[in-house]
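J.: I'd like to ask some things about the structure below.
Read the figures in this text as sums done on the coordinates, not as results from a lab. Since the model is a prediction, treat every value here as computed from it, not as a measurement. Every residue, glycine among them, receives a Cβ derived from its backbone with ideal geometry; neighbour counts consider all protein chains shown.
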Amino acid sequence: MKVLVINCGSSSLKYQLINTDTDEVFAKGLCERIGIDGSQIVYQKEGCQKEKTLTPMPTHKEAIGLVLEYLMNEETGVVKSLDEIDAIGHRIVHGGEKFTESVLITDEVIEAIEECSELAPLHNPANLTGIRVCQMLMPGIPMVAVFDTAFHQTMPEKAYLYGIPYKYYENYSIRRYGFHGTSHKYVSNHMAHFLKTRLKYLKVIVCHLGNGASISAIDHGKCIDTSMGMTPLEGLMMGTRSGDIDPAILEYIQKKDNITIEEVMDILNKESGVYGMSGISSDFRDLTEAEEAGNQAAARTLEAYAYRVAKYIGSYVAAMNGVDAIAFTAGVGENSAVIRSEICKYLGYLGLTIDEVTNHAGSGDRIITTPDSRVRVCVIPTNEELEIARETMRLVKGDKAE
Ligand code: ADP
């Protein structure tokens, strides 16, 4: 089956056309600066160089129209007509409590996603635009919505309720939802498969460490806790997001700097995390390089980062009363042996021993603990687009979830 995966942001759009029978990517790319001067489309056919073209894209309609033109281009395209595209999978950021799994898109589903927009005002409306434009340009092709939050909907109340008056949950749906669910689901299942077992037999912790970062505890196949909350600001320290802080700090900064609450939120989202703490960069490659060159700010930031991840892992070991396997994924988790090593230094009490040779060498799926380690630690590259394509195929074929 050929599935077009669409991840529509407010001014950007990422796409991949995937063969779900072989997991092969026919073509992928992105449209940037939609509705802004200097918009550009990037297109890459499998095995070929990236093509970058500056071209006006006043709205998402032109952007998706261009993507389809590129996919059908006589010379560099990968399909002859739109009829070859069997289904479209849309990444949707917030599914609230309404969506516990992926769904075929209907008018009712669109309405329900709209109702969740209040919880993700920057993301859900953009995701919906992607759906509407696809309906317009590719009528009749079945579409599926895959939610970032759905995988975490199995969390029990004790994990998702905040310690604030219960009426805020009842009246405003304020609770922890969690994000990166597609990645946590893909990586946990893939790790079980890689370890030649089934997820339902394991206690697993997935560390998705990218620009955004989150950890989840998956107990015998069900997510029971995750570090992001009502929004993706909670939890670990990230590239530019603060993660957990004392909420009283917001008012304190607001008064001290005489700024608005919106400005404080901007600081917590865009100027904090490892970027804010180090004053150097949000990119972990820059930080690691600076640390190696003897920069103290980089060193204390990376130390604080690893410490925070290790504390979350410890709390999830407690929540599950044990752990069998830990996965590292996303940009930092997949590529930084040094950070993996720093985090795992705190985990010796679990009987976990890192094999520094495999930790520093190799690529792709791999085990980085010694054979006698009581807990296995793996590096599992994430693939959210493939997970969306598989979910789309499953629903279009009418298969049941595992
Ligand atoms: P997102 O999808 O959340 O934007 P990614 O999963 O692509 O993020 O991760 C991006 C992060 O991965 C960047 O901060 C980058 O520094 C980090 N990263 C990529 N390669 C390396 C590396 N070799 N060492 C350390 N960090 C890396």
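J.: Name the residues in segment 32-55 that are closer than 25 Å to R390 by Cβ and touching an Asp or Glu at 6+ places or on another chain (Cβ under 9 Å), would you?
T.: Listed by number, the residues that qualify are V42, Y43, Q44, K45, E46.
J.: Scan segment 216-233 residue by residue and report those that are within 16 Å of the ligand (Cβ to nearest atom) and crowded, with 21+ Cβ neighbours inside 10 Å.
T.: Scanning segment 216-233 gives S216, T226, S227, M228, P232.
J.: Considering (1) out of contact with any Phe, Trp or Tyr (no Cβ under 6 Å at 6 or more places or on another chain); (2) of a type in the set (A, V, I, L, M, F, W, C); (3) within 17 Å of N124 (Cβ to Cβ), say which one A150 fails and leave the rest.
T.: A150 satisfies every listed condition except (1).
J.: Also, I was wondering about something else. For segment 179-215, give me the residue count where each residue is buried (at least 24 other Cβ atoms within 10 Å of the Cβ), of a type in the set (A, V, I, L, M, F, W, C) and either out of contact with any Ser or Thr (no Cβ under 7 Å at 6 or more places or on another chain) or farther than 23 Å from C116 by Cβ (or both).
T.: 9
J.: Does any residue of segment 366-381 turn out to be more than 24 Å from I224 (Cβ to Cβ), within 13 Å of the ligand (Cβ to nearest atom) and surrounded by fewer than 24 Cβ atoms within 10 Å (Cβ to Cβ)?
T.: Among the residues of segment 366-381, at least one is more than 24 Å from I224 (Cβ to Cβ), within 13 Å of the ligand (Cβ to nearest atom) and surrounded by fewer than 24 Cβ atoms within 10 Å (Cβ to Cβ), which makes the answer yes.
J.: Something else: Kindly indicate which of V338, V323, V317, V309 is under 26 Å from T182 (Cβ atoms) and within 15 Å of the ligand (Cβ to nearest atom).
T.: It is V309.
J.: Could you check segment 71-102 and list, in sequence order, the residues that are surrounded by 12 or more Cβ atoms within 10 Å (Cβ to Cβ), over 17 Å from N19 (Cα atoms) and either in contact (Cβ under 8 Å) with a residue 60 or more places away in the chain or not β-branched (V, I, T) (or both)?
T.: Correct list: N73, R91, V93, H94, G95, G96, E97, K98, F99, E101, S102.
J.: Working only within segment 305-324, note down all residues that are of a type in the set (G, A, S) and surrounded by 19 or more Cβ atoms within 10 Å (Cβ to Cβ).
T.: A306
J.: Moving to a separate point now. All but one of (1) touching a Ser or Thr at 6+ places or on another chain (Cβ under 8 Å); (2) assigned to a helix (DSSP H, G or I) hold for E289; state the number of the condition that does not hold.
T.: Condition not satisfied by E289: (1).
J.: Here is a list of conditions, (1) out of contact with any Gly (no Cβ under 9 Å at 6 or more places or on another chain); (2) touching a residue at least 40 places away in the same chain (Cβ under 8 Å); (3) part of a helix (DSSP H, G or I); (4) under 23 Å from F151 (Cα atoms), and A318 meets all of them except one; can you say which number that is?
T.: (2)
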